[in-house]
Amino acid sequence: MSDLTLGDGEVRVRSFRANRCAGNRVTGGSLHLTDQRLVFCPRRMDAAIGGRGWETSRAAVSSVDIAPRGLTPFAGCLRKRLRIATAKGTEYFVVRELDEVAGYLGAALAQS
């Protein structure tokens, strides 16, 4: 899994391989749930060519669900994607076992 730097006393709860969909770009990496944050870390190769990470506090997540397929072939839109909404915007991730990941994160983050 991609590198994750934990803060003092922070504990990783679970990690998932994921591709972050941002605009017309897809960045490979890992999505990590900690006891404090939800963090996407790009793979080293993706980071070297401009792939960016993302993070938010657990409390900032307003919803987790599954986005329907889109109409364009860019940014993973031809597949259903994990949708994570915060006050700052919405992030999309392509993950394996989408239903399981969405259910797990939705339940875990609802308790925050």
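Database remark: amide H of Glu55 closer than 5 angstrom to the amide H of Phe40 (H placed geometrically; neighbours at sequence offset of 5 or more, or on other chains; Pro and chain starts carry no H).
Over the residues of the chain, the helix contribution to mean residue ellipticity at 222 nm works out to -4500 deg cm²/dmol, using -39500 (n - 2.57) for each DSSP H run of at least 4. In this structure, the amide hydrogen of Leu78, modeled 1.01 Å from its nitrogen in the peptide plane, lies closer than 5 angstrom to those of Gly70, counting only residues at least 5 positions away or on a different chain. Across the chain, the mean sequence separation of Cα contacts (distance under 8 Å, 6 or more residues apart), normalised by length, yields a relative contact order of 22 percent. Among rounded, prolate and oblate, which fits the chain when a ≥ b ≥ c are the square roots of the eigenvalues of its C-alpha gyration tensor, a/c under 1.5 means rounded, and a/b larger than b/c means prolate? Cα axes put the chain in the oblate bin. Note on the chain: with a GNM built from Cα contacts shorter than 10 Å, the maximum mean-square fluctuation among Leu38, Leu98, Leu78 falls on Leu78.
Amide H contacts of Arg43 (H built 1.01 Å from N, in plane; Pro and chain starts excluded): Gly28, Gly29, Ser30 sit under 5 Å, all sequence-distant by 5 or more or on other chains. Which residue fluctuates the most in the chain, going by a Gaussian network model with Cα springs under 10 Å, if the choices are Gly70, Gly53, Gly29? Taking springs between Cα atoms under 10 Å, the residue moving most is Gly70. Only the Cβ atoms of Lys and Arg (+1) and of Asp and Glu (-1) were treated as charged; on that basis the dipole of the chain about its Cα centre amounts to roughly 420 debye.
Spacing of the modelled spin labels on Thr5 and Arg25, each 7 Å from Cα toward Cβ, amounts to 2.0 nm. Calculate, for Ala110 and Met45, the FRET efficiency according to 1/(1 + (r/R0)^6) with r their C-beta to C-beta distance and R0 41 Å; round to the nearest 0.05. Plugging the Cβ-Cβ distance into 1/(1 + (r/R0)^6) gives 0.75. Round to a whole angstrom and tell me the spacing of the C-alpha centers of the stretch 17-59 and the stretch 93-112. Measuring centre to centre over Cα atoms gives 15 Å.
Rg/Rh for the stretch 1-65 stands at 0.97; both radii use Cα atoms, and Rh follows the Kirkwood definition.
Bear in mind that the values in this text are calculations on the coordinates, not laboratory data. Since the structure is predicted, the reported quantities are computational estimates derived from the model, not experimental observations. In this analysis, Cβ positions are derived from the backbone assuming ideal geometry, glycine residues included, and neighbour counts consider all displayed protein chains.
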